[in-house]
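The values are calculated or read from the model by the stated rules, or taken from the named source; none is laboratory data. All of these numbers come straight from a predicted model, not from anything done at the bench. Positions of Cβ are generated from backbone atoms using ideal geometry, with glycine treated the same way; all protein chains shown enter the neighbour counts. In case anyone asks, the SASA skips ligands and DNA or RNA and just uses the protein heavy atoms, side chains included. Shrake-Rupley method; radii C 1.70, N 1.55, O 1.52, S 1.80 Å.
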Amino acid sequence: MVQEDWILNLEDNEWPLTTIDHDRMIARAIVVDDEGCFYFVRANRDDDFGKATLIETAGGGVETGEDLDTAIRRELKEELGADVEVLCKIGVVSDYYNLINRHNVNNYYLCKVKSFGDKHLTKDEIDDFHLSTLKLRYDEALAEYDSCRCTSLGRLIANREVPVLKRAKELLQKIRVESFSMDYLQDYFDGFDEDITRYQWPDPFESIDDARELLQGFLDEAESGETILLSVLSENGELIGSSEIHGLSEDCSEVGVWIKKTEWNKGYAYIALKKALDIARIEYGKKEFFYEADIRNIGSMKLLQKFEDEYEITEQELEKVTTDSGKELELQGYIMKVRE
């Protein structure tokens, strides 16, 4: 129920390899707004890499003691002046700058702009790289990367970032996450099937009336500020899952997410659950959550690992239970605490 890690390994074919003597951990982002425009940085540089005009994603090195989530938010504030919602991690690109003997570990995130403010560029970014902001449509961005391939550094950057931009476009086109509506009752009833419930306490609904009763209860709780219930919708508007947070008035709220089987391994569970968690954190001030999954549910166990940069995750005691319908479950609970 969670995407496989997207990893791209590249070599530097522009400069000869002598030795690689250091790694650099980097956080970068594909940044998009509500109108579908993307934001990049323009660099004009003349240094050891040569004279070049470049397009590149905003981002930079992760500082000592800094987690990736903090790093990407800091970098986007500094270079774009942007306050963002981090939608998901796109993946990791490993590449090399042979000229300076460096291995780059580029962690790419997909982020949505919430607001713009002042930039906080360094002296080098102003005087040496002459950084400015580029706002482009998707096709314009691809064309800009292509036009910057006329230099060696431009080719290295384009080889690294064009696949990431295309991956981000795929993720943006395929789903949206919004507040649940009873308009999706039939899809919820149909989708919450045996594949979803195999390792869960509930069973598939016996009737659509049972589904209506449960969901109306959730909506009533949402109205009273006790529950967050979100729909995960495909690009054609079909409900393909939901994410939920219950017990918002309690110290530790319980989280959950499900995605229909035909949409597994695409990263949707992460996007949906992160959206619910961000609402709980920002709108309700929540800092601790309870996550539970059967240890045989590999997808749900891997999903939790995606949140390790943002949350301290503490394993709880394993609980073996038998449900009313006779399912034997091995439930592993975890406390997710927001990293300060």
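Could you tell me whether region 202-340 comes out rounded, prolate or oblate from its Cα gyration tensor? Rule is a ≥ b ≥ c as square roots of the eigenvalues, rounded for a/c under 1.5, then prolate if a/b exceeds b/c, otherwise oblate. Please report the intermediate quantities before stating the final value.
Working: a/c = 1.27, a/b = 1.10, b/c = 1.16.
It comes out rounded by the Cα gyration axes.
Looking at the chain alone, DSSP beta bridges between its own residues are antiparallel in about 80 percent of cases. The simple spin-label model puts a point 7 Å past each Cα toward its Cβ; for ASP48 and HIS130 those points are separated by 2.2 nm.
With all protein chains kept in place, the per residue accessible area of region 1-138 amounts to 47 square angstrom at a probe of 1.4 angstrom. Tell me whether region 218-267 comes out rounded, prolate or oblate; compute the Cα gyration tensor, take square roots of the eigenvalues as a ≥ b ≥ c, and use a/c under 1.5 as the rounded threshold. The shape class here is oblate. Calculated FRET efficiency, ASP324 to THR262, Cβ-Cβ distance, R0 = 30 Å: about 0.60 to the nearest 0.05. Helix 152-174 sits at what angle to the longest principal axis of the chain, using alpha carbons and giving 0 to 90 degrees rounded to 10? Rounded to the nearest ten degrees, it is 20. The H on the amide N of LEU87, modeled in the peptide plane, is under 5 Å from the matching H of LEU110, CYS111, LYS112, each at least 5 residues off or on a different chain.
With runs of 4+ DSSP H residues as the only contributors, calculate the mean residue ellipticity of the chain at 222 nm using -39,500 (n - 2.57) per run, divided by the residue total and rounded to the nearest 500. Don't skip to the answer; put the middle values down first.
Values: 9 runs with 103 residues, N = 340.
One gets -9500 deg cm²/dmol as the mean residue ellipticity at 222 nm.
DSSP beta bridges confined to region 242-340 are antiparallel in about 90 percent of cases. Pick the calculated Rg and Dmax of the Cα atoms in Å for this structure from (1) 21.9, 95; (2) 22.2, 70; (3) 19.8, 60? So the structure-derived entry is (2).
Database remark: amide H of ILE240 closer than 5 angstrom to the amide H of VAL232, LEU233, SER234 (H placed geometrically; neighbours at sequence offset of 5 or more, or on other chains; Pro and chain starts carry no H). Would you list, by chain and number, the lysines whose Cα falls below 19 Å from the Cα of LYS77, excluding same-chain residues fewer than 8 positions away? Cα-Cα hits under 19 Å: LYS89, LYS112, LYS114, LYS119, LYS123, LYS135. Database remark: amide H of GLN316 closer than 5 angstrom to the amide H of GLY333, TYR334, ILE335 (H placed geometrically; neighbours at sequence offset of 5 or more, or on other chains; Pro and chain starts carry no H).
Compared with the dominant principal axis of the Cα atoms in the chain, helix 138-147 is inclined by about 30°. For region 188-340, the solvent-accessible area works out to 50 Å² per residue, with a probe of 1.4 Å and every protein chain left in place.
If I model region 43-136 as equal point scatterers sitting on the Cα atoms and use the Debye formula, what is log10 I(q)/I(0) at q = 0.13, 0.19, 0.22 Å⁻¹? Result of the Debye calculation: -0.50, -1.09, -1.38. Shape of region 1-160 from the C-alpha gyration tensor: rounded (a/c under 1.5, with a ≥ b ≥ c the square roots of its eigenvalues).
What do you get for Rg/Rh of region 259-340 when both radii come from the Cα atoms and Rh is the Kirkwood radius? Write out the running numbers ahead of the final one.
On the way: Rg = 14.0 Å, Rh = 14.0 Å.
Over the Cα atoms of region 259-340, Rg/Rh equals 1.00.
Count charges around GLU330 for me, please; just the other residues with Cβ under 10 Å from its Cβ, Lys/Arg as +1, Asp/Glu as -1. Spell out each step's value before the answer.
Details: positive: ARG296, LYS320; negative: ASP294, GLU319, GLU328.
Value of the local net charge: -1.
Once the piece of chain linking GLN316 and THR70 is laid out straight, how much longer is it, given 0.36 nm per residue of separation minus the C-alpha distance between them? Walk me through the intermediate numbers first.
Numbers: separation 246, 0.36 × 246 = 88.56 nm, distance 2.65 nm.
Stretched out fully, the GLN316 to THR70 stretch lengthens by 85.9 nm.
Expressed as a whole percent, the accessible area of the chain that falls on carbon and sulfur atoms is 44 (1.4 Å probe).
The angle between the Cα long axis of helix 268-284 and the main principal axis of the chain comes to about 80°, on a 0 to 90 degree scale.
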